[in-house]
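Notes to accompany the following structure.
The values are calculated or read from the model by the stated rules, or taken from the named source; none is laboratory data. The structure presented is a predicted model; accordingly, all values stated were derived computationally and were not measured. Here the Cβ positions follow ideal geometry from the backbone for every residue, glycine too, while neighbour counts run over all protein chains shown.
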Amino acid sequence: MIDARPGGVRKGTINFESQLPESATTVPLNFVHVFVMGLDGPKSITVPDITLKPLAASPS
């Protein structure tokens with residue numbers, strides 16, 4: 001479970017099913033199911049404009 005309060009910052013790695021275009025600099029992330037534990041809230045959310053950056057090279 002992720003505690004993602006408004007204005008919070010989370011870091012992580014997103015794996016894509018296929019190669020992204022070289023020109024891609026941002027992507028949206030869609031959460032299709034949002035569980036709100038008894039509170040009113042949206043059934044889904046989108047986080048727009050996540051900045052892409054290459055992964056650091058893995059040590060051999």
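Data for the structure
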item: Search result, residues across the stretch 35-45 that are closer than 30 Å to L55 by Cα and assigned to a loop (DSSP other than H, G, I, E, B); result: S44
item: Near pairs, Cβ below 8 angstrom, 6+ apart or cross-chain, from the stretch 5-34 (more than 12 Å from K53 (Cα to Cα)) to any residue that is modelled with pLDDT under 80 and among the small types (G, A, S); result: R10/A4; V34/G41
